[in-house]
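Colleague: The structure's right below; bear with me while I get my questions together.
The values are calculated or read from the model by the stated rules, or taken from the named source; none is laboratory data. Source: prediction; values computed, not measured. Neighbour counts are summed over all protein chains in view; Cβ atoms, including those assigned to glycine, are modelled from backbone coordinates with ideal geometry.
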Amino acid sequence: MLKQVKREIDFSKAAVPISQAAFPNPFDPGLEFNTPEHSHWNIVHIGMQLPESRQIYICGDNCMRGVVMTAAEMAASDRFAMVLLQDKDLLDDDLTQVTLRGIEDCIAKWQTRPKAVLVFPVCLHHFMGTDMDEVYEILEEKYPDIFWLKCWMDPIMQKRGTTPDERERLEMTRPLYDLPADLSQANLIGMDMPFADSDENDLTALFTRGKIRLNEIGKCQDFEAYRRTGAAGLELYVSQFSKLAAEGLAKRLKRPCFFMDALWNEADIDGELDALADFYGWKISDWLQERKALAEKAIQSAKAQIGGMPIAIDTVGVLRPLSLARMLTAHGFNVVRVYTDGFSEAEHADYLWLQEHAKKLMICSTLRPEMRRWPKPEEKVLAIGPRAAWFEKSPYFVQMIENGGLWGYGAWIGLMKRMRDACAHPKPVKPVITQKGWGCACTL
Amino acid sequence: MKTVYTKIPCYSGDVSGAASALYELKGMVVIHDPSGCNSTYNTHDEIRWYEQESLIFISGLNDMDAIIGNDEKFVTDVVEAARRLHPRFVALCNSPIPYITGTDFEALAAMIEDQLDIPVFYIQTNGLHDYTVGASGAFAAVAAQNALQKQKTKPHSVNILGLTPLDFDAPGSAAALTKKIEASGWQVISNWALDCDPDAIFQAGSAAVNLVVSSTGWQAAQILKQRFGIPAVAGCPVGSFAPLVTEALNQSEADGRTRMPYADLLEARADSKRAVAVVGETVGAASLGAALALDLGKAVQITVPVESPSALCSDTVLRIEGESAVEARINQADCVVADPLYKALLKEKTAFVPWHHFAFSGRIGHDQAVNLFEDSVYQRIEERTENGSIK
C-alpha cells in the first residue's frame, strides 16, 4: 500500500458559481457521498402515518437494516415485520412463493390483525421477475379484512422514474372512500410536516378564515377516519413529490386539484393564492395587503439583526431553495451557498434571476465524493436546513425539513423568526441533524 | 419460515461489516449499489461517520446500467474519485443486483487497478449476509496484501484481529483491551482496526500470535497463519477468563497451535443446570460466557444469531438462525445476557441482563454500551447475572 500524501482537494466539479452552473444538472454523476445528516423522512416514516397500519419488507440484510432500524428508532417495531432473503431464495427457489409465504407468516405471527399492510418488495423482485400481482391477488382473497398497499423499495428505478416514496404516497391515497364531494373540507396530500399555524402559513390562515377543514393524514385518529377524508371536495399539495399521489387521487375521485408550490416570491405567491381564492370565491385583496405588510416588517427586523452574515440553504430544509435564495437576495440578505444536486423546472426563472443578480452565489453538490472533505468556512454562517448546517459546520442553523410547515407570506414571517432565533441561540449540530425523520417520534 | 421476523431487527449487513473493518485504514470503499447502503451504514452501523473522515461511497447504480452491464461507468467513476481523493487503496463491495446479474468484480478491480497506482481489491459481499461476513472478508483482504511481509518475530507480541465498533462500540474499548494485554506481559503490534494506527498493520508479520477478539478476525488469522505461520487464539480477555486467554497466548507462542480457550471451559460446565444464556457474536459472547461460568459456577450456553465459522462454535456455542429458533432456545435459560432488544422475545419470568450490541440495536442504547475490558464493567454484568439467575 502506498503512503497517503496530503494534497489540496479540487472542488471544481462539486461546487460552482451559479453563473457557471448548468441547468437543470449542475454536476456530473459519479460516486455518491452521504452526509451524516438524516433529518428527512424515508418510506418507513411516511408509511407509519397511516393509522392502524403495519409494514412488511422483503429483502436482504443490508437493505433491511435501514428500514427496520428506522422503525425501531421511532418506537414502532410492533408495526413492522420482515422477510429476510437469503442466497437460496434467489438461486434455488421461486421468489414469488418465498414472498407470499413470508407475508403469510408475518400475518400469522402477529397476534392482532392490522387494518392495512404496506408491502415493500425490492429491486431484486423486479430483476427476478417476481409476480407481485399474483401475490396480492392471493393475499386479498385470503385476508379480505386487510387493505393491502402495493409499495416498493426499489431505489434502482428512482433515477429515471417514480421514486419509492412517490409511489407509496399514491398507494396511501387508495384507501380513501369515494364519497360525495364536501366542499367544507379539503385534503392536504403527501405532506409529512404538518402545516404551521395561521401566522406562519397562508393556507392555514385562509382555510381557517373560509371555515374549511384541512385534512392531514397525521391528524386522523384511526384508519376509518382516514378513509372518510375521501369526502373532501378538493385535493391540495405543496411538494412536487406528492404530485403523483394528489393528482392520482383527484383523478380517481374526480376532484379539483391544486398544486400550491412552496415558492417564496411575491408574484408566485400572489398567483397561487388568487387561483385558490377564485375557486372558493374568496375576496382576499385586503387580507393579502395586510399579510404582505406584516411579512415585510418581519424581513426588515430580521435584516437589522442578521445584517450581512453569510447564509447557506439546502434542499432538505426548503422545497424551493432557489426561490428562497432569490427572495432573500432581493431583500438584501447575503446568500452565499445553496446545497443542491439539481434544479427543478419550476425554479428556472429564479435560476436566471440569480445568475444575473447573485453571480457569486455558489451551488454546491451534496453527493459528489469530494464533498466528504468540504472545509469549514472561516466566517460564521447562518444555515437554513440541516444539510447546510453540516456542510457549514455551523451551530447557527434553522432546523426544519420540507419547509417546516411554512407557506406564502406566513413563510416569510415564520422563517425570519426562525433565522433570528438561530442567530441568537447557537445549538449543537450533531444531536439535532443526525436524528432520522425530523418531527417523528424518536427513542434516541 | 425461519427468516420471518416480527419482534426483533436483523443484524448489520455484510456491506456495513466491510466498510466498518476498513474504516480507519485510509482507503476508499465503494459499494456498487443504487442507494441506501451508504445511508444505512453511516446512520445505524457506524459511530465514527460524523467526527472521523473515511472515504465510503456508493456507485448510484441505476436499472439501465445494471441491465445492459454498463461497468465502464463504474470503473470511470471509481478512478475519477480515487484520483481526486488519493486513497491508499480501493475496496469494492457487491450488493444484491450486481450479485444476481453476475458482475465480475475481480475483473473490475483489475481494470481499476490498471489505472491507479494503488491496490484495488474486491470484498465478497452481496447484501444478503450479516456484518460478520463482510468484515471477515475485509480483514482477510488486508491480510492477503503483498505489503504485509513476514518479519522477525517479536516475542510475546500480538496482533488484535476483529476489532470494530460493530462489536466493541463503547468508547475506550480498544485502549482498555490494549492495556489489558500489555498488563499481562504482551506487546500489541497492530490492531485491526479500531482507534488504530494503520501503519502498524504493515508490521503484523512480526507478531508471535494473533489474538482474535471476534469472528470477523478469524479468516484473516487463517491467512496470516498460512502466510507467516502465526498461530491464533480466539477469545477476549474478560473478567476471570482473561488469565486463560493469556495462558493460551503463551502456549500458542510456544507450540504454534491455534486455540479457543472458551470452548473447553464452557464444555466442562455443560452438565450442570443451564442457568445462563449469552446471546451475541461468537467470540465475544463465548468469552463473556466463559467468564460468567468461571465466576458464577454455572452452566452457560452461548447463542450465536450471526453467521460464524463452524470452527469457532461447539456444543455450547451454537449458531442459531431465525427469530423463532432464538426465542425457543434462550427461553430455556433462567437468565439471559443479551442486547436489550432481545427482551421482546423473552417470557416474563426470565431474568435479563442488558449487554448492548451495536451491530444489533445500533444507536438505540449506544449510550449504555459497555466496555467489557474494564473489570468494573464486567463485574456489574456478573453481579446482575448472579442476582437475576437467583429469581
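Colleague: Mind listing just one residue for me: the one in segment B:17-44 that is in contact (Cβ under 8 Å) with a residue 40 or more places away in the chain and at the interface with chain A (Cβ under 7 Å from one of its Cβ atoms) and, of those, farthest from the chain's Cα centre (by Cα)?
Modeller: B:Pro34
Colleague: Separate question: Out of (1) modelled with pLDDT of 95 or more; (2) surrounded by fewer than 16 Cβ atoms within 10 Å (Cβ to Cβ); (3) away from every other protein chain (no Cβ under 12 Å), the odd one out for A:Ala108 is which?
Modeller: (3)
Colleague: Just a yes or no: is a residue in segment B:49-62 facing another protein chain (nearest Cβ under 7 Å), part of a loop (DSSP other than H, G, I, E, B), within 21 Å of A:Val67 (Cα to Cα) and of a type in the set (A, V, I, L, M)?
Modeller: yes
Colleague: How about segment B:86-111: which of its residues are more than 10 Å from every other protein chain (Cβ to nearest Cβ) and of a type in the set (A, V, I, L, M)?
Modeller: B:Val90, B:Ala91, B:Leu92, B:Ala107, B:Leu108, B:Ala109, B:Ala110, B:Met111
Colleague: From the residues in segment A:76-102 that are more than 7 Å from every other protein chain (Cβ to nearest Cβ) and acidic (Asp, Glu), which one is nearest to B:Arg363 (Cα to Cα)?
Modeller: A:Asp78
Colleague: Something else about it: Which one of these does A:Pro51 not meet: (1) farther than 11 Å from B:Cys10 by Cβ; (2) facing chain B (nearest Cβ under 8 Å)?
Modeller: It is condition (2) that A:Pro51 fails.
Colleague: Additional query: Which one of B:Ala285, B:Ala291, B:Ala270, B:Ala220 is modelled with pLDDT of 95 or more, of a type in the set (A, V, I, L, M) and touching a Ser or Thr at 6+ places or on another chain (Cβ under 6 Å)? Working first, answer last.
Modeller: On the way: B:Ala285 fails: touching a Ser or Thr at 6+ places or on another chain (Cβ under 6 Å); B:Ala270 fails: modelled with pLDDT of 95 or more; B:Ala220 fails: touching a Ser or Thr at 6+ places or on another chain (Cβ under 6 Å).
Answer to the selection: B:Ala291.
Colleague: Can you tell me which residue among A:Asp165, A:Asp154 is among the acidic types (Asp, Glu) and free of Cβ contacts under 8 Å to residues at least 40 places away in the same chain?
Modeller: Details: A:Asp165 fails: free of Cβ contacts under 8 Å to residues at least 40 places away in the same chain.
Answer to the check: A:Asp154.
Colleague: Right, next: Please name all residue pairs, on different chains or six or more residues apart, with Cβ atoms under 6 Å, provided the first residue is in segment A:61-75 and is touching a residue at least 12 places away in the same chain (Cβ under 8 Å) and more than 7 Å from chain B (Cβ to nearest Cβ) and the second residue is part of a helix (DSSP H, G or I) and surrounded by fewer than 24 Cβ atoms within 10 Å (Cβ to Cβ).
Modeller: A:Ala71/A:Ser77
Colleague: Could you check segment B:353-391 and list, in sequence order, the residues that are touching a strand residue (DSSP E or B) at 6+ places or on another chain (Cβ under 6 Å) and surrounded by fewer than 17 Cβ atoms within 10 Å (Cβ to Cβ)?
Modeller: Result: B:Lys391, single match.
Colleague: Taking only segment A:360-387 into account, find how many residues are part of a loop (DSSP other than H, G, I, E, B) and within 22 Å of the chain's Cα centre (by Cα).
Modeller: 5
Colleague: Is it the case that segment A:410-425 has a residue that's in contact (Cβ under 8 Å) with a residue 40 or more places away in the chain, surrounded by fewer than 21 Cβ atoms within 10 Å (Cβ to Cβ) and under 20 Å from the mean Cα position of the chain (by Cα)?
Modeller: Checked segment A:410-425: no residue is in contact (Cβ under 8 Å) with a residue 40 or more places away in the chain, surrounded by fewer than 21 Cβ atoms within 10 Å (Cβ to Cβ) and under 20 Å from the mean Cα position of the chain (by Cα).
Colleague: A further question on this structure: Is it fair to say A:Trp390 is within 14 Å of chain B (Cβ to nearest Cβ), outside any loop (DSSP other than H, G, I, E, B) and under 21 Å from the mean Cα position of the chain (by Cα)?
Modeller: For A:Trp390, the condition - within 14 Å of chain B (Cβ to nearest Cβ), outside any loop (DSSP other than H, G, I, E, B) and under 21 Å from the mean Cα position of the chain (by Cα) - is met.
Colleague: What are the pairs, 6+ residues apart or on separate chains, where a residue within segment A:127-147 that is more than 14 Å from chain B (Cβ to nearest Cβ) has its Cβ under 7 Å from a residue that is of a type outside the set (S, T, N, Q) and surrounded by fewer than 13 Cβ atoms within 10 Å (Cβ to Cβ)?
Modeller: Matching pairs, first to second residue: A:Asp145/A:Arg113; A:Ile146/A:Arg113.
Colleague: Would you check if there is a residue in segment B:300-308 being buried (at least 21 other Cβ atoms within 10 Å of the Cβ), hydroxyl-bearing (Ser, Thr, Tyr) and at pLDDT below 95?
Modeller: Within segment B:300-308, one or more residues are buried (at least 21 other Cβ atoms within 10 Å of the Cβ), hydroxyl-bearing (Ser, Thr, Tyr) and at pLDDT below 95.
Colleague: From (1) at pLDDT below 95; (2) at negative phi; (3) surrounded by fewer than 21 Cβ atoms within 10 Å (Cβ to Cβ), pick out the condition that doesn't hold for B:Arg257.
Modeller: Only one criterion is unmet by B:Arg257, namely (1).
Colleague: Could you run through segment B:262-288 and say how many residues are surrounded by fewer than 22 Cβ atoms within 10 Å (Cβ to Cβ) and within 20 Å of the chain's Cα centre (by Cα)?
Modeller: 1
Colleague: Looking at segment B:135-171 only, could you name the residues that are of a type in the set (S, T, N, Q), assigned to a loop (DSSP other than H, G, I, E, B) and within 21 Å of the chain's Cα centre (by Cα)?
Modeller: Within segment B:135-171, B:Gln145, B:Thr164 meet the criteria.
Colleague: Only residues that are surrounded by fewer than 19 Cβ atoms within 10 Å (Cβ to Cβ), within 12 Å of chain B (Cβ to nearest Cβ) and farther than 12 Å from B:Leu61 by Cα: list them for segment A:149-161, please.
Modeller: Within segment A:149-161, A:Gly161 is the sole residue that qualifies.
Colleague: While we're looking at this one, here's another question. I need the full set of residues from segment A:180-233 which are more than 20 Å from the chain's Cα centre (by Cα), buried (at least 21 other Cβ atoms within 10 Å of the Cβ) and of a type in the set (Ser, Thr, Tyr), in order please.
Modeller: Across segment A:180-233, the qualifying residues are A:Tyr226, A:Thr229.
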